[in-house]
Amino acid sequence: MSPLPHVAPATEPPRAETEAIQGLPSYIVGQDGQGRWVALESHGLGGGYFRSREAAFQYAVGKTGRRAGAVRLSAEPLRIAL
């Protein structure tokens, strides 16, 4: 009988992924196609347009309770679906 292959120990999923699974809000901040700053909630339940990147981040950070990794910056244009 051959020995069992070495299996690496299981690692925990990234915190942001775990929180998204649990339904905790996270936000993406970026600009839309016209250059306006946008903050979008990951489930599509919140967000808005802002005068500056800082204002969008402040909104998102406040809505997520300042959780680490709950606010991300998008390099791609964002779009709010009304």
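If you filter the stretch 49-82 down to residues that are surrounded by 15 or more Cβ atoms within 10 Å (Cβ to Cβ) and among the hydroxyl-bearing types (Ser, Thr, Tyr), you find that the one that is farthest from the chain's Cα centre (by Cα) is Tyr59. Taken across the stretch 8-26, residues that are at pLDDT 95 or above and either surrounded by fewer than 14 Cβ atoms within 10 Å (Cβ to Cβ) or not basic (Lys, Arg) (or both) do occur, with at least one present.
Would you mind stating whether Gly46 is at pLDDT below 95 and surrounded by 13 or more Cβ atoms within 10 Å (Cβ to Cβ)? Break it down into steps so the answer makes sense when it comes.
Numbers: at pLDDT below 95: yes; surrounded by 13 or more Cβ atoms within 10 Å (Cβ to Cβ): yes.
In short, yes.
A search for C-beta distances below 9 Å between a residue of the stretch 54-70 that is under 11 Å from Pro25 (Cα atoms) and any residue that is aromatic (Phe, Trp, Tyr), counting only pairs 6+ apart in sequence or on different chains, returns Ala60/Tyr27; Val61/Tyr27; Lys63/Tyr27; Thr64/Tyr27; Ala70/Tyr27. Filter the stretch 30-79 for residues that are in contact with a Leu (Cβ under 8 Å, 6 or more places away or on another chain) and assigned to a strand (DSSP E or B) and give the result. Correct list: Gly30, Gln31, Asp32, Val38, Leu40, Gly47, Leu78.
Among the residues of the stretch 27-43, those that are of a type outside the set (Asp, Glu), touching a strand residue (DSSP E or B) at 6+ places or on another chain (Cβ under 8 Å) and modelled with pLDDT of 95 or more comprise Tyr27, Ile28, Val29, Gly30, Gln31, Arg36, Trp37, Val38, Ala39, Leu40.
The values are calculated or read from the model by the stated rules, or taken from the named source; none is laboratory data. Keep in mind it's a predicted model, so treat the numbers as computed, not measured. Backbone-built Cβ (ideal geometry, glycine too); neighbour counts: all protein chains shown.
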